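Everything below concerns the one structure shown next.
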Amino acid sequence: GAGVSQSPRYKVAKRGQDVALRCDPISGHVSLFWYQQALGQGPEFLTYFQNEAQLDKSGLPSDRFFAERPEGSVSTLKIQRTQQEDSAVYLCASSFPGRDTQYFGPGTRLTVL
Amino acid sequence: LAKTTQPISMDSYEGQEVNITCSHNNIATNDYITWYQQFPSQGPRFIIQGYKTKVTNEVASLFIPADRKSSTLSLPRVSLSDTAVYYCLGAGGYQKVTFGTGTKLQVIP
């Protein structure tokens, strides 16, 4: 595809449920980022992959958050036992290696009831 | 990791030139300055990037003084479709970038 795609676009979960959010980066982009964006705020970094290696996960807010990219392309962000404070838009971005311009997907809006 | 400061919001009439200034006093020697635009319900979109002096593309111009402690994004002749949030970032190569709250630009008819 021409850009970064994310699915689902919208997700409603009951508190305590597990959710999985998918990101398809631009083909050939080695670097992949996940961000969390609360209403009215800028995106906040969660984690970074280079190929399949998760090189930085310092932004993950708790051990309920887990990200993977097993084959170095598609990535999944998993949130276990969702809480209301997890409600946000989750953005995925990808970039060429060594270039800091990131290309963002449309995001997944997660609402935890 | 450069900390950036921008105005929270700005209003402008259609057809005017808009200048958004960002301060980044602690920018590192190898950091580039990058601006993103974000519309509601969309991810941020790259606008322009520079290191020093002036950079211009089909969308905007970026002015960076010699001391690199600030930068100004210039949008020529804005239209209603330029209403968005604009983020200034300072980063070099891969870094855990910080977007901040950005500048919400409202273009008025």
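All of the numbers you see were taken from the coordinates with simple rules; none came from a lab. Remember, predicted model here, so these are calculated numbers, not experimental data. Glycine gets a Cβ as well: all are built from the backbone with ideal geometry, and neighbour counts include every protein chain shown.
Ranked for footprinting exposure by Cβ neighbours inside 10 Å, fewest first, B:E17, B:E58 give B:E58, B:E17. On the beta carbon distance between A:T111 and B:N57, with R0 = 25 Å, the FRET formula returns roughly 0.10.
Just counting partner chain Cβ atoms within 10 Å, what average do the residues of peptide B:35-43 show around their Cβ? Working shown, then result.
On the way: counts 0, 5, 0, 6, 0, 0, 5, 6, 16.
Mean number of neighbouring Cβ atoms from other chains: 4.
Note on B:27-34: average number of Cβ atoms from other chains within 10 Å of each residue's Cβ is 1.
Most tightly packed first, judged by the mean number of other beta-carbon atoms within 10 Å of their residues, the peptides B:65-71, A:71-77, A:43-49 read A:43-49, A:71-77, B:65-71. The stretch between B:T101 and B:D11 holds 30.7 nm of extra length on full extension. This uses 0.36 nm per residue minus the Cα-Cα distance. Binning all Cα-Cα separations of segment B:9-108 at 10 Å, short to long from zero, yields these whole-percent fractions: 16, 50, 29, 5.
Let a ≥ b ≥ c be the square roots of the eigenvalues of the Cα gyration tensor of the protein assembly as shown; is it rounded (a/c under 1.5), or, if not, prolate (a/b larger than b/c) or oblate? Here the protein assembly as shown falls in the prolate category.
Using r as the Cβ-Cβ distance of A:S7 and A:D56, and R0 as 25 Å, what FRET efficiency do you calculate, to the nearest 0.05?
0.55
When B:L73, A:L60, A:L39 are sorted by how many other C-beta atoms sit within 10 angstrom of their C-beta, beginning with the fewest, the order is A:L39, A:L60, B:L73.
Using C-alpha pairs under 8 Å with a sequence gap of at least 6, the mean separation divided by the residue count of chain B gives a relative contact order of 38 percent. Sorted from longest to shortest, the spans of the Cα atoms of chain A along the three principal axes equal 39, 25, 23 Å.
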